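Participant: Have a look at this one.
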Amino acid sequence: MIKSLYKTYQHWSETGAVFFFSDPHFDDVDCKIMNPNWISADEQIKIINSMVFKNDYLILLGDIGNEKRLAELRCKNIVLLTGNHDRGCAIYEPYCKEVYDGPLFIADRILISHEPINGLENMCVNIHGHCHNSKWGMFGDMGHVNVAADVAEWKPYSLKDMIVKDKILVNAINYHRFTIDNATENSMKGVLNELN
């Protein structure tokens, strides 16, 4: 279990691994215009099924495309955070365990969203999709991890690997601890001033 996840989301890691993937745009023919190397929905599903197993959790960060393709995934623990091309939450509910509309803090230093969120200034790491610009790669900067299908080379990415192997949290300040420490320090200064 990934204990650093907020209690609300810890169940994602109780039965297996937690993977992130975004922007598969299943059966969306316009993707070939954007990227001539865009692979088919069948190929993407084959790759996902080879990496994400039945008891794992697959967190999809939007822009699904043909929602019926979700039924072809081996993993039955699918969580969706809708993207700008998705058509509301209700259409995906038959295929997903959980559906969210908007960004989520899933841990004190991990924010997930469809589109990248700027201005976080090392407050957390933002795992997102939306950007199909491999110029920046998956790790555009230490504050952002882009898991859009084409940028991530069509592979879902493990949260454990991001935290342990890629050390995405190294530069993210724990603002909860910072706030507590700052308040304690200011309180002690007040006590010392009173004693003098």
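Participant: For the stretch 108-133, give me each residue that is small (Gly, Ala, Ser) and closer than 28 Å to GLY65 by Cα.
Facilitator: The answer is SER113, GLY129.
Participant: Right, next: Restricting attention to the stretch 17-30, and to residues there that are surrounded by 23 or more Cβ atoms within 10 Å (Cβ to Cβ) and in a loop (DSSP other than H, G, I, E, B), which single residue is farthest from the chain's Cα centre (by Cα)?
Facilitator: Among them, the one singled out is HIS25.
Participant: Yes or no: LEU73 closer than 22 Å to TRP12 by Cα and crowded, with 22+ Cβ neighbours inside 10 Å?
Facilitator: Answer is no for this residue.
Participant: I need the full set of residues from the stretch 63-84 which are touching a His at 6+ places or on another chain (Cβ under 7 Å) and under 11 Å from PHE26 (Cβ atoms), in order please.
Facilitator: ASP63, GLY65
Participant: While we're here: For the stretch 32-51, how many residues meet the condition of being in contact (Cβ under 8 Å) with a residue 60 or more places away in the chain, touching a Cys at 6+ places or on another chain (Cβ under 9 Å) and of a type outside the set (A, V, I, L, M)?
Facilitator: Residues meeting the conditions: 1.
Per-residue answers, yes or no, for (1) touching a residue at least 40 places away in the same chain (Cβ under 8 Å); (2) within 29 Å of VAL170 (Cβ to Cβ); (3) surrounded by fewer than 19 Cβ atoms within 10 Å (Cβ to Cβ):
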{"position": "GLY88", "(1), (2), (3)": "no, no, yes"}
{"position": "VAL99", "(1), (2), (3)": "no, no, no"}
{"position": "ILE117", "(1), (2), (3)": "no, yes, yes"}
{"position": "LEU120", "(1), (2), (3)": "no, yes, yes"}
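Participant: Residues that are out of contact with any Leu (no Cβ under 6 Å at 6 or more places or on another chain) and at pLDDT 95 or above: find the strands (runs of 3 or more DSSP E) completely inside the stretch 31-123 holding 3 or more of those.
Facilitator: 57-60
Participant: For the subset of the stretch 146-168 comprising residues that are farther than 17 Å from VAL52 by Cβ and either part of a helix (DSSP H, G or I) or touching a helix residue (DSSP H, G or I) at 6+ places or on another chain (Cβ under 6 Å) (or both), which member is modelled with the lowest pLDDT? Give the derivation first.
Facilitator: Residues of the stretch 146-168 farther than 17 Å from VAL52 by Cβ: 146, 150-151, 163-168.
Cutting the leftovers down to either part of a helix (DSSP H, G or I) or touching a helix residue (DSSP H, G or I) at 6+ places or on another chain (Cβ under 6 Å) (or both) gives us 163-164, 168.
Numbers: ILE163: 86, VAL164: 87, ILE168: 81.
Within the stretch 146-168, the match that is modelled with the lowest pLDDT is ILE168.
Participant: Mind listing whichever residues of the stretch 122-136 are touching an Asp or Glu at 6+ places or on another chain (Cβ under 9 Å) and buried (at least 17 other Cβ atoms within 10 Å of the Cβ)?
Facilitator: Selection gives CYS124, HIS128, GLY129, HIS130, CYS131, HIS132.
The values are calculated or read from the model by the stated rules, or taken from the named source; none is laboratory data. Quick caveat, the model's predicted, so the values are computed rather than measured. Virtual Cβ from ideal backbone geometry, glycine too; neighbours counted across all protein chains shown.
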